[in-house]
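Okay, structure first, notes after.
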Amino acid sequence: MALATDFPRPVVWRPRRLLITRAARGFAHGRAIAARAGAAGVEVIELPGDRLTLDLPDDQRRAYAAAKATLAVTVAPPSKRRLQPIAPSADWRVDLAEGCPAHCSYCYLAGSLQGPPITRVYANLEEILAVLPDHLGRGTVTSRQRARAGEGTTFEASCYTDPLALEPLTGSLSAAIAWFGRWQAEAQLRFTTKFADVAPLLALDHGGRTRMRASINPPAFARFEGGTAPVAARLGALRQMADAGYPVGLTIAPIIAAPGWESAYGTLIDDSAAALAGARDLDLTVELITHRYTAASRAVLESWYPGSSLDMTGQDRATKRTKFGGEKQVYDAATMRALRGFFEARLATALPAARLLYWT
Ligand code: SF4
């Protein structure tokens, strides 16, 4: 059986500078983040107002690097605190932050967030969490679907960020997990991550009301996931969380039909099964998300990662309408059938106790 200590050490992100707005300094959580960053040697810049002045270089490559190395502490306005539905993952999206320090050449944030890719974390965490009870029982996914009713009302914290990547500096995820632990309700916080430093989460009083999923891809595709933790470390972290009594899951995403995918994903599933083997009272789910992109996200990603070998040429692709009236490129029907058949069969063999939540 794999021991957590057998896995590589997790990656810890340290930004080059932290900007904190005047309003964010009015919240103890915001001040604590700035203090933690300062103690870690990060340059802390107190902005005179609430406008973010980024002063990025003109050169596109250097501007990208500077933005990715910037953490801004701001206040989420009421419009950002209004929860949005987020099928098929969960009933509602709750944003503790926006942006991510990693460099994945398929990153879905390229199509969802505007402007330079800085990371913003919100100082008014208590205000963000305070709206959640109003949404209890009101979603359309786990609140309605009989197959997922056991999860209660679900709140997804990793739509616009990777919350674990920021946790050593922010503490926002730990605070949210503890908040759900105290909330005596049929509700669940969910987050998925490509990072692995779960040490601060292990001893929290989580009450079984947070599900962590490791977002994984085969080591052979690590070239598409710059700045993230090695996949073996992510699986080791997931095992540690399972041992700490958390419900856990695998987000296999994005599934990439690059040459050799069958053998690469077969090994990944076997490695996942080995990492979780023997875990007591394991509550394990699986989510399967195939690679997709839009014309807009491809343009952004090609400017950020001009040398990436990730195929976005349109080969083996089909156009699908989005629910917002746009178009996205997904794998064509034959590729989708081959992928889906493979994953369903392989998971049923290697991880028979896992519940498959959705395929998309
Ligand atoms: S870890 Fe997730 S959010 Fe961060 S760059 Fe990669 S895909 Fe984007």
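Here is a yes/no grid of residues against (1) of a type in the set (D, E); (2) open to solvent by less than 10 Å² (accessible area, probe 1.4 Å); (3) modelled with pLDDT under 95:
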position	(1), (2), (3)
F180	no, yes, no
T193	no, yes, no
A203	no, no, no
P219	no, no, yes
A232	no, no, no
D243	yes, no, no
A257	no, no, no
T267	no, no, no
Counted residues in the range 300-317 being under 16 Å from Q60 (Cβ atoms) and more than 22 Å from the chain's Cα centre (by Cα) come to 3
Expected output for the range 217-228 (first residue closer than 17 Å to P306 by Cα, partner part of a strand (DSSP E or B) and within 9 Å of the ligand (Cβ to nearest atom), Cβ below 7 Å, 6+ apart or cross-chain) is F224/C104; E225/C104; G226/H103; G226/C104; G227/H103
- Task: Say whether the condition of being without any contact (Cβ under 8 Å) to a residue 60 or more places away in the chain, part of a loop (DSSP other than H, G, I, E, B) and not charged (D, E, K, R) is met by at least one residue in the range 292-301.
- Result: no
Checked the range 93-108 for anything farther than 21 Å from H135 by Cα and either more than 9 Å from the ligand (Cβ to nearest atom) or part of a loop (DSSP other than H, G, I, E, B) (or both); matches are E98, C100, P101, A102, S105, Y106, C107, Y108
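Determine, yes or no, whether G139 is modelled with pLDDT under 95, of a type in the set (G, A, S) and surrounded by fewer than 21 Cβ atoms within 10 Å (Cβ to Cβ).
Judged against the criteria, G139 is not a match.
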Considering every residue within the range 115-122, establish whether at least one is away from the ligand (no atom under 15 Å from the Cβ), within 18 Å of G181 (Cβ to Cβ), touching a strand residue (DSSP E or B) at 6+ places or on another chain (Cβ under 9 Å) and at pLDDT 95 or above.
no
Within the range 54-82, residues touching a residue at least 12 places away in the same chain (Cβ under 8 Å), part of a loop (DSSP other than H, G, I, E, B) and open to solvent by 20 Å² or more (accessible area, probe 1.4 Å) come out as L54, L56, V75, R82
In the range 244-273, anything part of a helix (DSSP H, G or I) and either under 30 Å from D205 (Cβ atoms) or among the polar types (S, T, N, Q) (or both) is listed as S263, T267, S272, A273
Of those in the range 87-103 that are under 12 Å from the mean Cα position of the chain (by Cα) and closer than 22 Å to V231 by Cα, the residue surrounded by the fewest Cβ atoms within 10 Å (Cβ to Cβ) is A102
- Query: Within the bounds of the range 238-252, is there any residue that is touching a residue at least 40 places away in the same chain (Cβ under 8 Å) and at positive phi?
  - Reply: no
Got at least one residue in the range 34-52 being in contact with an Asp or Glu (Cβ under 9 Å, 6 or more places away or on another chain) and either among the aliphatic types (A, V, I, L, M) or open to solvent by 40 Å² or more (accessible area, probe 1.4 Å) (or both)?
yes
Of the listed residues (R340, R346), the one being basic (K, R) and more than 24 Å from the chain's Cα centre (by Cα) is R346
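Just give me the residues in the range 314-359 being in a loop (DSSP other than H, G, I, E, B) and among the hydrophobic types (A, V, I, L, M, F, W, C), in sequence order.
Of everything in the range 314-359, those that are in a loop (DSSP other than H, G, I, E, B) and among the hydrophobic types (A, V, I, L, M, F, W, C) turn out to be F324, L351, A353, A354.
The values are calculated or read from the model by the stated rules, or taken from the named source; none is laboratory data. Not measured: the values here are computed from a predicted model. Heads up, the Cβs are rebuilt from the backbone with ideal geometry, glycines too, and the neighbour counts pull from every protein chain shown. Side chains included, ligands, DNA and RNA excluded: accessible areas come from the protein's heavy atoms. Shrake-Rupley method; radii C 1.70, N 1.55, O 1.52, S 1.80 Å.
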